[in-house]
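**Student:** Here it is: the structure, laid out below.
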Amino acid sequence: MLTRTMTLAAAALLGVSAFASPSLSLSEKATLQAAMQTHIDRSLVDGVFLRLNEGTGEVESLRPAAAHPAILRMGKYFVLCSDFRSEAGETVNIDFFLAPKGNGGYVVFSQQVENRALVERLMKSGLAERAD
């Protein structure tokens, strides 16, 4: 019971409604996907997405591969993800966190490279849920 109470309190602080309907209209989904793709396109350097490997200190080049259709809702915020390919051909997942802008659009405010554990924790705790 204490864990459920703490989760609901955390949800309230983050603006997540534990009882809100997570479904999005087709138009909202398209707008979110377009915002993520625009962010990716604007971040490309000579056609690649650059990533600083924190472990090695090397800059890695990732090529966009495919966006995932799943969308997660975190209150008024959203999480979308896309696959990229490393120079060695390995799949690299990037999760993009988006916030609404006053003009009806969205902006990426955070991105997590190969950090699915964060998204899984958010879902397990009830702070994020599927919105599609």
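**Student:** Test A65 against the criterion of being surrounded by 12 or more Cβ atoms within 10 Å (Cβ to Cβ), over 11 Å from the mean Cα position of the chain (by Cα), touching a residue at least 24 places away in the same chain (Cβ under 8 Å) and part of a strand (DSSP E or B), and give yes or no. Break it down stepwise before answering.
**Tutor:** On the way: surrounded by 12 or more Cβ atoms within 10 Å (Cβ to Cβ): yes; over 11 Å from the mean Cα position of the chain (by Cα): yes; touching a residue at least 24 places away in the same chain (Cβ under 8 Å): yes; part of a strand (DSSP E or B): yes.
It is true that A65 is surrounded by 12 or more Cβ atoms within 10 Å (Cβ to Cβ), over 11 Å from the mean Cα position of the chain (by Cα), touching a residue at least 24 places away in the same chain (Cβ under 8 Å) and part of a strand (DSSP E or B).
**Student:** For the stretch 32-46, does any single residue satisfy the condition of being modelled with pLDDT of 95 or more, part of a helix (DSSP H, G or I), of a type in the set (A, V, I, L, M) and more than 21 Å from R130 (Cα to Cα)?
**Tutor:** Within the stretch 32-46, one or more residues are modelled with pLDDT of 95 or more, part of a helix (DSSP H, G or I), of a type in the set (A, V, I, L, M) and more than 21 Å from R130 (Cα to Cα).
**Student:** So, in the stretch 79-132, of the ones that are part of a loop (DSSP other than H, G, I, E, B) and of a type in the set (A, V, I, L, M), which residue ends up modelled with the lowest pLDDT? Reasoning before the result, please.
**Tutor:** If we filter the stretch 79-132 for residues that are part of a loop (DSSP other than H, G, I, E, B), which is where we start, we get 86-90, 101-105, 114-115, 125-128, 131-132.
Now narrow it down to the ones that are of a type in the set (A, V, I, L, M): 88, 127-128, 131.
Details: A88: 94, L127: 96, A128: 96, A131: 91.
Within the stretch 79-132, the match that is modelled with the lowest pLDDT is A131.
**Student:** Got a number for residues in the stretch 47-59 being part of a strand (DSSP E or B), exposed (fewer than 13 other Cβ atoms within 10 Å of the Cβ) and modelled with pLDDT of 95 or more?
**Tutor:** Of the residues in that region, 2 qualify.
**Student:** Can you tell me how many residues within the stretch 1-31 are in a helix (DSSP H, G or I) and modelled with pLDDT under 50?
**Tutor:** Of the residues in the stretch 1-31, 13 are in a helix (DSSP H, G or I) and modelled with pLDDT under 50.
Okay, residues lined up against (1) among the hydrophobic types (A, V, I, L, M, F, W, C); (2) over 15 Å from A35 (Cα atoms); (3) out of contact with any helix residue (DSSP H, G or I) (no Cβ under 6 Å at 6 or more places or on another chain); (4) surrounded by 20 or more Cβ atoms within 10 Å (Cβ to Cβ):
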position: S61; (1), (2), (3), (4): no, yes, yes, no
position: F78; (1), (2), (3), (4): yes, no, no, yes
position: N103; (1), (2), (3), (4): no, no, yes, no
position: Y106; (1), (2), (3), (4): no, no, no, yes
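The values are calculated or read from the model by the stated rules, or taken from the named source; none is laboratory data. A quick note: this is a predicted structure, and the numbers were derived from the prediction, not measured. Glycine also receives a Cβ, built like all others from the backbone with ideal geometry; neighbour counts cover every protein chain displayed.
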